[in-house]
1. Return the pairs, sorted by first residue and then second, in which the second residue is in a loop (DSSP other than H, G, I, E, B) and aromatic (Phe, Trp, Tyr), the first residue lies in the stretch 247-266 and is under 16 Å from Leu311 (Cα atoms), the beta carbons are less than 7 Å apart, and the residues are 6+ apart or on different chains.
2. Scan (1) polar (S, T, N, Q); (2) closer than 17 Å to Leu136 by Cα; (3) open to solvent by 10 Å² or more (accessible area, probe 1.4 Å) for the single condition Ser31 breaks and write down its number.
3. Considering each of Thr96, Thr133 in turn, give the residue that is closer than 14 Å to Pro72 by Cβ and either within 11 Å of the ligand (Cβ to nearest atom) or touching a strand residue (DSSP E or B) at 6+ places or on another chain (Cβ under 9 Å) (or both).
4. Among the residues of the stretch 164-187, which ones are within 28 Å of Ala243 (Cβ to Cβ) and within 16 Å of the ligand (Cβ to nearest atom)?
5. Residues of the stretch 24-63 being touching a Phe, Trp or Tyr at 6+ places or on another chain (Cβ under 9 Å), of a type in the set (A, V, I, L, M) and more than 23 Å from Phe13 (Cβ to Cβ), which ones?
6. Run down Ile432, Ile412, Ile352 and say which single residue is under 18 Å from Ser242 (Cβ atoms) and away from the ligand (no atom under 16 Å from the Cβ).
7. I need a count of the residues in the stretch 371-385 that are in a helix (DSSP H, G or I) and surrounded by 16 or more Cβ atoms within 10 Å (Cβ to Cβ).
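The values are calculated or read from the model by the stated rules, or taken from the named source; none is laboratory data. Source: prediction; values computed, not measured. Glycine also receives a Cβ, built like all others from the backbone with ideal geometry; neighbour counts cover every protein chain displayed. With ligands, DNA and RNA removed, areas are computed over all heavy atoms of the protein, side chains included. Shrake-Rupley method; radii C 1.70, N 1.55, O 1.52, S 1.80 Å.
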Amino acid sequence: MADITEKREGEFFKDVLKYFDRAAKFVDVPSGILDQIKYVNSVYRMRFPVKIQGKYEVIEAYRAEHSHHKLPTKGGIRFSSAVNQDEVMALAALMTYKCAIVDVPFGGAKGGIKVSPRKLSAEEMERITRRYTAELIKKNFIGPGIDVPAPDYGSGEREMAWIVDTYAAFFPNELNAMGCVTGKPVSQGGIRGRKEATGLGVFYGIREALSVKEDCDKWGIEPGIAGKTFVIQGFGNVGFHSAKFVHEGGGKIIAISEWDGAIHNPNGIDPLALEAHRNKTGSILNFPGSENVDKYGALEIACDVLIPAALENQINKENADRIKCKIIAEAANGPVTPEAEEVLNAKGVYIIPDIYLNAGGVTVSYFEWVKNLSHVRFGRLGKRWDETAGRNTIHVLEEMTGRAATDKQRSIIERGADELDLVYSGLEETMINAYHNIRNEYHGTPGIPDLRTAAFVNAIKKIAQSYSTLGVWP
Ligand code: GLU
């Protein structure tokens with residue numbers, strides 16, 4: 001199987017500009033304001049030495065803040081050997097549009113550290129993360145009201161805990177220090193539900209798309225996730241949780257692809273069993289019942305929904321014409337290049353764009369930040385009150401009917417919402433509303449080519465509103 005990775009370094013931000021320009025034709029905003037929105041406001045490129053295996057190594061890292069139309073700016077930190085300035089800028093821009101689409105009141109940002117976490121020990125990762133945080137502090141590129149990082153490719157709760165600890169050490173009197181980063185462990189100021197949020201949001205988004213009968217008729221499939229076939233690229237945090245929720249929703253995952261190879265099983269793969277297998281063996285390969293296949297070949301297996309949940313540029317002009325799915329659900333940022341999109345649009349493949357579909361992560365990051373600033377867990381005040389109200393309702397009903405409620409009825413009515421219930425409920429509401437907003441934009445705007453353009457139009461209109469105080473348009 002030919003390698004389909006294309007050398008596209010330096011192209012990603014241009015891709016985002018292309019998407020932006022295509023959408024800008026459908027909005028009535030002065031061109032100067034459009035320019036203000038589309039380019040990156042500030043980029044901090046840093047180099048710092050860290051001791052790795054006894055020797056000093058110079059680490060190259062970035063933080064890009066794309067738009068300050070709302071503060072703080074927000075976006076993850078990527079740890080990858082492929083990090084470069086163009087990539088960080090593109091990802092920061094996507095964050096701006098993403099936040100606008102799901103009505104999260106942040107500007108977009110993104111960080112990147114050019115290292116390969118798989119080759120580093122925990123201590124080395126800690127040294128790099130803490131030093132990176134100190135660099136951000138020096139230049140005022142981090143803070144609860146300035147710029148708030150989060151996990152991204154190659155980082156997770158552990159790194160976020162080091163960041164908040166470093167930040168709090170520098171600012172011991174900062175009451176809101178916890179809000180300087182999201183995606184923290186629950187024990188360090190995190191919120192329940194953040195870890196699975198992007199994958200759960202991906203699931204809600206696909207479920208919503210598959211609930212519209214008119215669209216399903218066009219794709220020639222029955223509405224609903226149950227029974228649909230899925231191929232997933234990436235089994236990291238986003239890929240794993242997308243797989244888990246799709247599987248629980250009755251979807252059949254027939255192939256999963258990772259950095260070291262892919263597995264295929266037409267009868268379906270159980271993501272939890274696969275996770276256990278990987279924990280034991282260190283790889284998804286050689287999973288009992290599945291066949292090992294080529295990692296790029298897996299993307300070309302016929303299925304209803306293909307979920308790229310790894311990196312950008314994965315579906316490009318080399319492989320686009322061999323993709324055989326009805327829907328591409330972009331869980332990763334920028335997985336489909338503009339050239340590939342043209343081919344796929346012509347083939348009638350429906351692309352649910354990243355700037356909508358993977359916004360579940362930043363949505364729950366917003367809830368975490370609000371929790372940190374309010375210094376109280378969601379549900380703490382209301383849960384018991386709701387439970388008492390439920391018990392009172394049962395009591396009144398029992399008195400009125402003369403019949404006792406069953407234990408099952410009691411447990412349904414008596415249950416008060418805890419933090420996880422509220423986070424899931426807020427996320428579900430956000431993903432459903434945003435889907436119909438962009439779909440309505442798509443169907444309601446004559447000449448608009450696809451759902452991605454509609455999503456950009458929706459975002460640009462909202463961001464432009466932030467500049468309307470300049471008095472240049474209503
Ligand atoms: N890195 C994630 C993204 O690309 C999450 C960002 C955040 O929570 O701030 O959307």
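1. These pairs meet every condition: Ile256/Phe235; Glu258/Phe235.
2. Condition (2) is where Ser31 drops out.
3. Answer to the check: Thr96.
4. Within the stretch 164-187, Val181, Thr182, Gly183, Lys184, Pro185, Val186 meet the criteria.
5. Val50, Val58
6. One residue alone meets the criteria, Ile432.
7. 3
For (1) touching a helix residue (DSSP H, G or I) at 6+ places or on another chain (Cβ under 9 Å); (2) under 30 Å from Cys99 (Cα atoms); (3) in contact (Cβ under 8 Å) with a residue 60 or more places away in the chain, each residue gets a yes or a no:
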site	(1), (2), (3)
Asn392	no, no, no
Glu398	no, no, no
Ala404	yes, no, no
Arg410	yes, no, no
Ala417	yes, yes, no
Leu420	no, yes, yes
Gly426	yes, yes, yes
Ala434	yes, yes, yes
Glu441	yes, yes, no
